[in-house]
Structure formats: structure tokens, C-alpha cells
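Can you keep this structure in mind? I'll have questions shortly.
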Amino acid sequence: MNKIYSASTTAPVNIATLKYWGKRDTTLNLPTNSSISVTLSQDDLRTLTTASCSKSFTEDTLWLNGSKEDITGSKRLLACFRELRELRRGVEAADSAALPMSEFKLHLVSENNFPTAAGLASSAAGLAALVRAIADLYELPQDATELSKIARQGSGSACRSLFGGYVAWEMGSSPDGSDSKAVQIAPVEHWPEMRACILVVSADKKDTSSTAGMQVTVNTSPLFAHRINNVVPQRFELMKKSILDRDFAQFAQLTMQDSNSFHAVCLDSTPPIFYMNDISRAAIRAVDEINRLAGQTVAAYTFDAGPNAVIYYLKENAQVVLGPLKAALKSQDGWASASAIKPEVPTSFE
Ligand code: PMV
């Protein structure tokens, strides 16, 4: 019997506050703009992955939430395996006692503690956990930023899930992707009062995948060039500063503006891409009203490639934000099915 070697790890979901939308290289997943995200609490939304390898394994295999996936056509996943094996070969070359794990097939078992189809950035957590688990199994010396370049090739936003707290994905300029990487802007402890709640408006799979949607936008939207050249670069710097300064009003305004800008370029695409629905728009109006009544910006909405809302707020304003939000939910047709205002999912980043 050949021995089985294993390593397990978890990776959290991240929700972008400055959106990645557009690839300048679809193979390497190089983005057309830098982005920023907040990593959610591991207790609430995370992927747990175990990576194993053995001389007796006959093929690379992935089990996702209990089902065996067909990964033979998954270029993205295979690129991650290839890059990680390459790094392992470096370990083996440096240490003649190191096992030739780069030659062994891999078995990966991955579980999410939330519905995969709910449009809650499951691929980000999934690919980040997969890369981290294999890197741990291979005892790679590379740090999270180096590994983020590999996770990025699996799923762009996954590169940001290798860090907790407040994270930037710097787009880089090199054609080989060597400077397109994630870095931590600040750890959770820097601004521990931040909270997020998720309104699960629909658990359906999204209509247009992010990869397909991005290409339609890049190829057809006249507004897109304005967004990436004239809007996002300044917003990236301002948002970083708002995080470092713990300036919630500024952070929230920029977050909402960027969600709107992202959905505007989707609408400006041909054919147009609609990710938000009537319930999403009601959530926007509810947040606007909460801020108006508070006389200051105490809540920020953001929407990814789907109708679910993520609302950011500070712990001290939980009642001011969540009370009226729940009331607004009840008064809307369709909110009942979206009963899932889940202030407990996730409640904190602690
Ligand atoms: O990483 P992908 O291919 O799942 O794309 C993510 C796109 C958005 O979630 C809409 C934005 C982002 O930055 O996460």
C-alpha cells in the first residue's frame, strides 16, 4: 500500500466593493482594472478543501459537495495544477529527500458551508481553498501574494480570498501576469466594526456567467472604456484611503457608486446583461432611505453578477440599518420569497 499524503484548509468568500469586470487576457485571467474586496468571516461562508496525493492514485479528481466533477475540460483548474506542480518541482530539486509529489495524481475534496448555486462568489472561495490546500500539501515556500497569481488563473476573484480583511487585486501591466496579484490593504483588526448582511434574493444560478458577461461588455460597451480609464483608477486610490482612514461614509459612497457603474456597463452591453431584478432595486431604495433618515451614510449596497444584495454597515449602526431593511423587505412583493435577510450570514468578520 502506498501512503496517502493530505493537507486541509479553508478559504472565505470575498465580496468586491470595487468590481473586477473585464479581462485583458482570458487565458491568464488578467483584468482590465484593479479591484478591492472585503473578505467575509470564515464562520459564515467558506470552502473547506482537502488535497491528497499518492503514488497509487490514477487520475486527478475533484469532489465538490459530494459529487465527482468532470475536470478534464477545465483549463482553469488544470492551469492551477500545472503551476503548483511546477513549484513543487522546485522544492524537489532543492531537497533530494523530498518526495516526488509533483508526479503523483491529486485527489481534492471540497465542501461549501453555503449553497454553491446562490451566487455568493463560491468560485472565489473554492479556487482559493484549492490552491492553498495543494500549496500546503506540497510544502511550498511561496507567500499568499505569490499563490494569488495561481488562484487568479483558476477564477479571477479567487486571488483576493487568499487574504482576510481588506484586499486589493492589483491588475499589473506585465503580459505574463507576473505582477497581477492580490495584496492585503489592512487586516480585519484594523476595522473590526465592519459588518455585512446578505439578502438572498434568488438562489438560482446566474443567467450569464461572469466570464461570458465580461467579454460581452469588453467587446460591445462604449461606456466600459470610460469606466476603466477615467473612473476606476481614481476610485481605487480613494477606496484604499477610505479603508486606511476607517472613513465609512466615503467607503460606502464609493462602494455604491462602483456597484452602479458595474451594472451600468452591463446594461450598456449588446445584448444587455441584467443581473439585478426588482427586488434588488427595492433594496437599493431601502438603503438610500435608511441613509437619508440617518442624515449620514450608514449603509452601503453592492451587487455582484446576480440579484443578491450585500449590505455593509458598522456594528454600532446595526439596528438603524437592519430594522428598516427588514421592514422594507416585508412591504415588498417578492420579499417574502427573499425572506433571507440574514444579518447572521455573515454577521461579522471576527
Ligand atoms: O472571478 P469571477 O470570474 O467569478 O468574476 C467576479 C466578478 C464580480 O463578482 C462581479 C466582481 C468581483 O470583483 O468579484
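Only one of these conditions is not met by P272: (1) in a helix (DSSP H, G or I); (2) modelled with pLDDT of 95 or more. Which number is it?
For P272, the exception is condition (1).
Output the number of residues of the range 1-25 satisfying the condition of being assigned to a loop (DSSP other than H, G, I, E, B) and either of a type in the set (F, W, Y) or in contact with a helix residue (DSSP H, G or I) (Cβ under 7 Å, 6 or more places away or on another chain) (or both). If you could, list the steps in order and put the result at the bottom.
Initial filter on the range 1-25 (assigned to a loop (DSSP other than H, G, I, E, B)): 1-4, 13, 19-22.
Filter again for either of a type in the set (F, W, Y) or in contact with a helix residue (DSSP H, G or I) (Cβ under 7 Å, 6 or more places away or on another chain) (or both), leaving 13, 19-22.
Qualifying residue count for the region: 5.
Give me the pairs: first residue in the range 50-74 and farther than 17 Å from S8 by Cβ, second residue surrounded by fewer than 17 Cβ atoms within 10 Å (Cβ to Cβ) and among the hydroxyl-bearing types (S, T, Y), beta-carbon distance under 7 Å, and six or more apart or on different chains, which are they?
From the range 50-74, the pairs are K68/T61.
A further question on this structure: Return the pairs, sorted by first residue and then second, in which the second residue is more than 13 Å from the ligand (Cβ to nearest atom), the first residue lies in the range 211-230 and is not assigned by TED's automatic domain parsing to the domain that holds S173, the beta carbons are less than 6 Å apart, and the residues are 6+ apart or on different chains.
These pairs meet every condition: V216/S269; T217/F224; T217/S269; T220/S269; T220/T270; S221/D268; S221/S269; L223/D268.
Quick one: how many residues across the range 260-289 are touching a Gly at 6+ places or on another chain (Cβ under 9 Å), away from the ligand (no atom under 13 Å from the Cβ) and without any contact (Cβ under 8 Å) to a residue 60 or more places away in the chain?
Residues in the range 260-289 being touching a Gly at 6+ places or on another chain (Cβ under 9 Å), away from the ligand (no atom under 13 Å from the Cβ) and without any contact (Cβ under 8 Å) to a residue 60 or more places away in the chain: 3 in total.
Got a sec? Which of E69, E86 is acidic (D, E), modelled with pLDDT of 95 or more and assigned by TED's automatic domain parsing to the domain that holds G177?
E86
Further question on the same structure: From the residues in the range 3-25 that are in contact with an Asp or Glu (Cβ under 9 Å, 6 or more places away or on another chain) and away from the ligand (no atom under 16 Å from the Cβ), which one is nearest to E170 (Cα to Cα)?
Of everything passing the filter in the range 3-25, T9 is nearest to E170 (Cα to Cα).
While we're looking at this one, here's another question. Those residues that are assigned to a loop (DSSP other than H, G, I, E, B), within 16 Å of the ligand (Cβ to nearest atom) and out of contact with any Lys or Arg (no Cβ under 6 Å at 6 or more places or on another chain), I need them from the range 26-50; list them, please.
Within the range 26-50, T26, T27, L28, N33, S34, L40, L45 qualify.
Answer yes or no as to whether S157 is within 28 Å of I284 (Cβ to Cβ), within 13 Å of the ligand (Cβ to nearest atom) and buried (at least 20 other Cβ atoms within 10 Å of the Cβ).
Spelling it out, S157 is indeed within 28 Å of I284 (Cβ to Cβ), within 13 Å of the ligand (Cβ to nearest atom) and buried (at least 20 other Cβ atoms within 10 Å of the Cβ).
Further, regarding this structure: Among the residues of the range 251-263, count how many are more than 16 Å from V188 (Cα to Cα) and out of contact with any Lys or Arg (no Cβ under 8 Å at 6 or more places or on another chain). Can you show your working first?
First, pick out the residues of the range 251-263 that are more than 16 Å from V188 (Cα to Cα): 252-263.
Pick out the ones that are also out of contact with any Lys or Arg (no Cβ under 8 Å at 6 or more places or on another chain) and you get 252-253, 255-256, 260, 263.
Counting residues in the range 251-263 that are more than 16 Å from V188 (Cα to Cα) and out of contact with any Lys or Arg (no Cβ under 8 Å at 6 or more places or on another chain) gives 6.
Now for a different question. Which of the following residues is in the same structural domain as L30 (by TED's automatic domain parsing), modelled with pLDDT of 95 or more and not in a loop (DSSP other than H, G, I, E, B): S178, S173, S157, S242?
Going through S178, S173, S157, S242 in turn, just one is in the same structural domain as L30 (by TED's automatic domain parsing), modelled with pLDDT of 95 or more and not in a loop (DSSP other than H, G, I, E, B): S157.
The values are calculated or read from the model by the stated rules, or taken from the named source; none is laboratory data. Note that the coordinates shown come from a computational prediction; the quantities given were computed from them, not determined experimentally. Positions of Cβ are generated from backbone atoms using ideal geometry, with glycine treated the same way; all protein chains shown enter the neighbour counts.
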